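The values are calculated or read from the model by the stated rules, or taken from the named source; none is laboratory data. Nothing here was measured: the structure is a model prediction, and the numbers come from that model. Methodologically, a virtual Cβ is constructed for each residue, glycine included, from the backbone with ideal geometry; neighbour enumeration extends over all protein chains shown. All accessible areas refer to the heavy atoms of the entire protein, side chains included, with ligands and DNA or RNA removed. Shrake-Rupley method; radii C 1.70, N 1.55, O 1.52, S 1.80 Å.
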Amino acid sequence: MIVGGGTAGWMAANLFVKAWPESVVKVSLIESPDIGIIGVGEGSTPSLKRFFKTIEVAEEKWMPQCNATYKTNIKFSGWSPASTLQEYDHPFVSQLDIFTKSAFFSNCLTRRLHGKVTTNPGSFFLNGFLARQGKSPVVPANFPFDMQYGYHFDSYLLGNFLRDVGIQRGVIHIQDRVLKANINDFEHIDTLLTEKNGILNADFFVDCSGFSSVLMQKTLGVKFKDFKENLFNDSAVVMPTKMSQKIPVETQSITLSAGWCWKIPLRTRFGNGYVFSSDFLSPERAEIEFRNFLGAAAAENECRHLKMRVGQLEFHWKNNCVGIGLSQGFIEPLEATALHLVQSCIELFIEKFNAGKFTNAERDEFNKKTSERFDRVRDYIVAHYKLNTRDDSEYWRENRNNMKLSESLFQILDTWYRRRDLTVEIERQKIASHFGAESWHCLLAGYDAFPIFKSSNDYLVDLHKIQKINYFFEGCALNFSSHRQSLDYQIEPN
């Protein structure tokens, strides 16, 4: 029994019915018809591409219905004004980048050895090049390399789409309000008391009830570990604006006085949001700053204010219940990790539930790996704030001066500044499955976070120039069409 719908609940339902035949596991989902779902523009990592491949739904089936676009890159602006780069790219890594990645790593080492060479991350990955040209990452039939990319979409529409797919494939959909969860003598959830359907039984429960965490926290008493000590943001104000003539193929992340703004391109509009800390800025002043940032586009639009609870549960699986989505934890959306964590947790749960033959035998291993995933994503997000060079507000200075870092993050930064091999350190820590060496090089080089030298050596080898990487990508990009052309191709003619 899945309690709660939305994207997390229906992702779980669809993966469950795909993994287990109805003769083995019967999947039900109960959601209240009077609880609204926050339908903001949202971005994903490439894992969502794998999700739709797993449940066998083609892009042309779901993307038009969810106002979805392609995403090749995140562009960060204003995070390190002291840098030689006022903005930098974090592109998704594709198969073809094997030809250029080593040049990027080598140039980053050269730069750490005080050589003046190219280290802009977007110059070494095809998706960064496609983002600058506004081209779709969709692979043409004659292109012999696999492309990795994410999506932008309306989260409310995606939840509705996955609901329809799930019901069609056998998920029992119950629209009702859960009044109470009843516990048996073994401290397992026994039944649910509902408003219209009375008592509902299940063997295992999945908590997708959002921040309220009805089953995991309120019923089973699982404690919540707050990340407030090094992730300050707890609020957001959101607003849609009109789409421009050209639909970008990247998310923008732009800093303001007490946080950052996202700009996510959907087919018909931009989704905008200002993520900030209420300890440094009131919601009223945040809205004023947000409106000023958006300019005339925000003149007649209403804002919505949201609260975020950043952290994770002490245990993600307790007794006969597992938390998925906001009920288990949340890390602010800076690197679009929300759905990635949802999907990876569902997949891991399926793996461990199978391995334990539908018992709790693998529960501790699941909890250990899931907590590790949240912690490592947290480290990567914290690094964005720790490395900032803004000096125009107390918020940014407090973030930069914050020394409450994990040992893992300390070791990564120490390796980088001591000019050691970052790839080896990430392999030593066994954390490449969270954010790999490519992502860490993009972040550190994008911030221009290199050791400071009094003079630089202009004679060291710049592999970006020698290997003519721009020329290489220009040729590759000829195989790809514009973003809008790819999206229009998905629309069936009347």
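Observations on the structure shown:
- Given (1) in a helix (DSSP H, G or I); (2) closer than 30 Å to residue 184 by Cβ; (3) open to solvent by less than 10 Å² (accessible area, probe 1.4 Å), index of the condition residue 364 fails: (3)
- Residue identified as surrounded by fewer than 21 Cβ atoms within 10 Å (Cβ to Cβ), within 30 Å of residue 393 (Cα to Cα), of a type in the set (A, V, I, L, M, F, W, C) and in contact (Cβ under 8 Å) with a residue 24 or more places away in the chain among 280, 270, 290: 280
- Within region 244-262, tally of residues that are touching a helix residue (DSSP H, G or I) at 6+ places or on another chain (Cβ under 9 Å), in a strand (DSSP E or B) and within 15 Å of residue 153 (Cβ to Cβ): 2
- Counting only helices (runs of 4 or more DSSP H) that fall entirely inside region 53-135 and contain at least 2 residues that are modelled with pLDDT of 95 or more and over 30 Å from residue 261 (Cβ atoms), the qualifying elements are 59-62, 101-112.
- Condition check for residue 300: in contact with a strand residue (DSSP E or B) (Cβ under 6 Å, 6 or more places away or on another chain), open to solvent by 40 Å² or more (accessible area, probe 1.4 Å), not in a strand (DSSP E or B) and not polar (S, T, N, Q): no
- Residue match in region 227-243 (condition: over 30 Å from residue 357 (Cβ atoms), in contact with a Phe, Trp or Tyr (Cβ under 9 Å, 6 or more places away or on another chain), open to solvent by 40 Å² or more (accessible area, probe 1.4 Å) and in a strand (DSSP E or B)): yes
- All positions within region 107-122 that are open to solvent by 20 Å² or more (accessible area, probe 1.4 Å) and not β-branched (Val, Ile, Thr): 109, 111, 113, 114, 116, 120
- Only one of 483, 434 that is closer than 21 Å to residue 147 by Cβ and buried (at least 20 other Cβ atoms within 10 Å of the Cβ): 483
- For the residues 132, 169, 111, the requirement of being over 28 Å from residue 43 (Cβ atoms) and either in contact with an Asp or Glu (Cβ under 9 Å, 6 or more places away or on another chain) or of a type outside the set (A, V, I, L, M) (or both) singles out 111.
- Residues considered: 409, 444, 460. Of these, the only one that is open to solvent by 40 Å² or more (accessible area, probe 1.4 Å) and touching a helix residue (DSSP H, G or I) at 6+ places or on another chain (Cβ under 6 Å) is 460.
- Applying the criterion of being among the charged types (D, E, K, R) and surrounded by 22 or more Cβ atoms within 10 Å (Cβ to Cβ) to the residues of region 58-95, the residue that is nearest to residue 48 (Cα to Cα) is 71.
- Exclusive hit being at pLDDT 95 or above, closer than 19 Å to residue 205 by Cβ and surrounded by fewer than 16 Cβ atoms within 10 Å (Cβ to Cβ), set 357, 352, 318: 357
- Within region 183-199, the set of residues being in contact with a strand residue (DSSP E or B) (Cβ under 8 Å, 6 or more places away or on another chain) and open to solvent by less than 30 Å² (accessible area, probe 1.4 Å) comprises 189, 191, 192, 194.
- Cβ-Cβ distances below 7 Å connect the following pairs, each with a first residue in region 106-127 that is among the basic types (Lys, Arg), a second residue that is surrounded by fewer than 19 Cβ atoms within 10 Å (Cβ to Cβ), and a separation of six or more residues or different chains: 112/419; 112/451; 116/456; 116/458.
- With respect to the stated conditions, residue 341 fails to be of a type outside the set (Gly, Ala, Ser), at pLDDT below 95, open to solvent by less than 30 Å² (accessible area, probe 1.4 Å) and outside any loop (DSSP other than H, G, I, E, B).
- Counting only residues that are in contact with a Pro (Cβ under 6 Å, 6 or more places away or on another chain) and either of a type in the set (S, T, N, Q) or over 18 Å from residue 63 (Cβ atoms) (or both), region 124-168 holds 4 of them.
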